[in-house]
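Here's the structure, in structure tokens; my notes come after.
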Amino acid sequence: MLLELEGVTAAYGRVQVLDGVSLAVPEGGAVGVLGANGAGKTTTLRAITGVVRAGGTIRFDGRSILGMRPDQVAALGIAHVPEGRGTLGDLDVRENLRVGAYLRKDRARIREDMDYCLELFPQLRDRIRSNASALSGGEQQMLAVARAFMAKPRLLLLDEASLGLAPGTAKTVYGAIRRLREESGISMLVVEQNANLAFSLVEEAVVLETGRSVLSGPTEELRTMDDIRRAYLGG
Ligand SMILES: Nc1ncnc2c1ncn2[C@@H]1O[C@H](COP(=O)(O)OP(=O)(O)OP(=O)(O)O)[C@@H](O)[C@H]1O
Ligand SMILES: [Mg+2]
């Protein structure tokens, strides 16, 4: 397993919000995280990246990353596209992509990867000189994903990449992420409210309820479960 969480706990101050989250992402795999508002999806990603203090077991590539600082986790090859985008508003598109690659030294490959991003998201090419803050919501989301890709991570953590986007735009963004996955082999942990979108990208998912993983399984299995359909598939 590339990423393993077992019985993960986390708190904001004295308020315990994670109380036993377990999940695993195989090398090259993509796993979804479903759950209602406040279930602890974002906090789970923050526990992995070291932004909130966590307990339990968090292993990346066989080694414990519990207690590491966010920059140390990033340096291991874990990139995070946070909820609410994750672009630097005062920098233009190209600068945002460069910042994404700041830990890399392979200049020629950085240039290639930048071209790849602009091919994957042609809308960004058209806005290359625009500040991120002047982009549409969909374009900002594309830039956030592209920026995370520029770090050449082994694992991409995506938090609600469809949030606030029109359905057509959300589909476009997920289509590009799927292509990125197929062409790069990057493993992904995908937090998403819209289970249909998540299921277009992942082969397994885990369901969180009040800070605990209560169910997990292959997408095809979850899709057919009545409770899941009602709660996350709109029927
Ligand atoms: N910075 C914070 N300080 C205190 N409590 C927080 C903080 N962030 C989140 N919480 C609380 O922790 C719980 C889990 O929040 P979290 O953001 O992880 O949920 P989520 O599943 O991502 O929800 P959503 O779908 O709305 O994004 C919630 O009860 C929330 O109110
Ligand atoms: Mg959230």
Single match in V191, V173 (criterion: away from ligand 1 (no atom under 15 Å from the Cβ), of a type in the set (A, V, I, L, M, F, W, C) and crowded, with 16+ Cβ neighbours inside 10 Å)
V173
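Given the criteria buried (at least 21 other Cβ atoms within 10 Å of the Cβ), touching a strand residue (DSSP E or B) at 6+ places or on another chain (Cβ under 9 Å) and among the charged types (D, E, K, R), does R147 qualify?
Numbers: buried (at least 21 other Cβ atoms within 10 Å of the Cβ): yes; touching a strand residue (DSSP E or B) at 6+ places or on another chain (Cβ under 9 Å): yes; among the charged types (D, E, K, R): yes.
Spelling it out, R147 is indeed buried (at least 21 other Cβ atoms within 10 Å of the Cβ), touching a strand residue (DSSP E or B) at 6+ places or on another chain (Cβ under 9 Å) and among the charged types (D, E, K, R).
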Test R147 against the stated conditions and say whether it is assigned by TED's automatic domain parsing to the domain that holds P167 and among the charged types (D, E, K, R).
no
Restricting region 75-86 to residues that are under 19 Å from L180 (Cα atoms) and touching a helix residue (DSSP H, G or I) at 6+ places or on another chain (Cβ under 8 Å), which is nearest to ligand 2 (Cβ to nearest atom)?
P82
Quick one: how many residues across region 154-205 are small (G, A, S) and free of Cβ contacts under 8 Å to residues at least 40 places away in the same chain?
8
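Based on this model, can you work out whether A151 counts as away from ligand 1 (no atom under 16 Å from the Cβ), in a loop (DSSP other than H, G, I, E, B) and closer than 15 Å to L88 by Cβ?
On the way: away from ligand 1 (no atom under 16 Å from the Cβ): yes; in a loop (DSSP other than H, G, I, E, B): yes; closer than 15 Å to L88 by Cβ: yes.
Considered against the rule, which asks whether it is away from ligand 1 (no atom under 16 Å from the Cβ), in a loop (DSSP other than H, G, I, E, B) and closer than 15 Å to L88 by Cβ, A151 comes out as yes.
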Looking at G55, is it more than 18 Å from the chain's Cα centre (by Cα) and in the same structural domain as A161 (by TED's automatic domain parsing)?
yes
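Just to be sure before I move on: is V33 within 14 Å of ligand 2 (Cβ to nearest atom), β-branched (V, I, T) and more than 24 Å from R230 (Cα to Cα) in the structure I sent?
When the stated conditions are applied, V33 does not pass them.
Residues checked against (1) hydroxyl-bearing (S, T, Y); (2) at pLDDT 90 or above; (3) touching a helix residue (DSSP H, G or I) at 6+ places or on another chain (Cβ under 7 Å):
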| position | (1), (2), (3) |
| --- | --- |
| Q193 | no, no, no |
| S200 | yes, yes, yes |
| A205 | no, yes, yes |
| S213 | yes, yes, no |
| G217 | no, yes, no |
| R223 | no, no, yes |
| D226 | no, no, no |
| R229 | no, no, no |
| G235 | no, no, yes |
Tabulated pairs, region 1-19, first farther than 12 Å from R46 by Cβ, second surrounded by fewer than 19 Cβ atoms within 10 Å (Cβ to Cβ) and hydrophobic (A, V, I, L, M, F, W, C), C-beta under 6 angstrom, 6+ apart or interchain:
M1/A24; E4/A24
With respect to the numbered conditions (1) modelled with pLDDT of 95 or more; (2) surrounded by fewer than 17 Cβ atoms within 10 Å (Cβ to Cβ); (3) among the charged types (D, E, K, R); (4) not assigned by TED's automatic domain parsing to the domain that holds L135, which one is the sole condition not fulfilled by E83?
(1)
Restricting attention to region 4-32, which residues are open to solvent by less than 10 Å² (accessible area, probe 1.4 Å) and out of contact with any Gly (no Cβ under 9 Å at 6 or more places or on another chain)?
V25, G29, A30, V31, G32
For Y116, only one of the following conditions fails: (1) surrounded by fewer than 21 Cβ atoms within 10 Å (Cβ to Cβ); (2) modelled with pLDDT under 95; (3) not charged (D, E, K, R). What is its number?
(2)
Filter region 194-215 down to the residues that are open to solvent by 10 Å² or more (accessible area, probe 1.4 Å), assigned to a strand (DSSP E or B) and either within 16 Å of ligand 1 (Cβ to nearest atom) or among the hydrophobic types (A, V, I, L, M, F, W, C) (or both) and list them by number.
E209, R212, S213, V214, L215
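The values are calculated or read from the model by the stated rules, or taken from the named source; none is laboratory data. None of the values given here were measured: they were computed from a predicted structure. FYI the Cβ positions are ideal-geometry reconstructions off the backbone, even for glycines, and counts take in every protein chain you see. We work out accessible area using only protein heavy atoms, side chains counted, and drop any ligands, DNA or RNA first. Shrake-Rupley method; radii C 1.70, N 1.55, O 1.52, S 1.80 Å.
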